[in-house]
Amino acid sequence: MQIEAAIARAQGTSLSLETVGIEEPRDNETLVKVVATGACHTDIIVRDGMLPTPLPVGLGHEGGRHCRESRPRRLEGEGRG
C-alpha cells in the first residue's frame, strides 16, 4: 500500500512529501486515513536532532483521521471469517 508522508531526511532541513510503502494491517491493528496533519514542536525537535531519532523518519503524528480498516484480535486456532 502506498501513502504520502512528510519525511525528515537530515537535521534542520525542510520536510519532504514523499510516497512511501506500508504493510497491510495485521491482526489487532487499525489502519486510519489521515486527512490533515501538521508538524508540531515535537516533530521539529526530532528533525533538528534535539530528541535523538534515526533519520529518515516520517513526522506529523497529530492529525484528523478516518478509520479505514480494523483487524480484531483473534485467539489461536480461530479462523478468518
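The values are calculated or read from the model by the stated rules, or taken from the named source; none is laboratory data. Treat the numbers as computed from the prediction; the structure is a model and nothing was measured. Positions of Cβ are generated from backbone atoms using ideal geometry, with glycine treated the same way; all protein chains shown enter the neighbour counts. Note: areas computed on protein heavy atoms with side chains; ligands, DNA, RNA excluded. Shrake-Rupley method; radii C 1.70, N 1.55, O 1.52, S 1.80 Å.
Figures for the structure shown
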item	result
Every residue from region 38-69 that is at pLDDT 90 or above, touching a Ser or Thr at 6+ places or on another chain (Cβ under 8 Å) and either under 28 Å from Arg26 (Cβ atoms) or not charged (D, E, K, R) (or both)	Val46, Leu51
Scope region 9-33; condition surrounded by 11 or more Cβ atoms within 10 Å (Cβ to Cβ) and farther than 16 Å from Val57 by Cβ; matching residues	Pro25, Glu29, Thr30, Leu31, Val32, Lys33
Search result, residues across region 34-57 that are open to solvent by 80 Å² or more (accessible area, probe 1.4 Å) and within 20 Å of Ser70 (Cβ to Cβ)	Val35
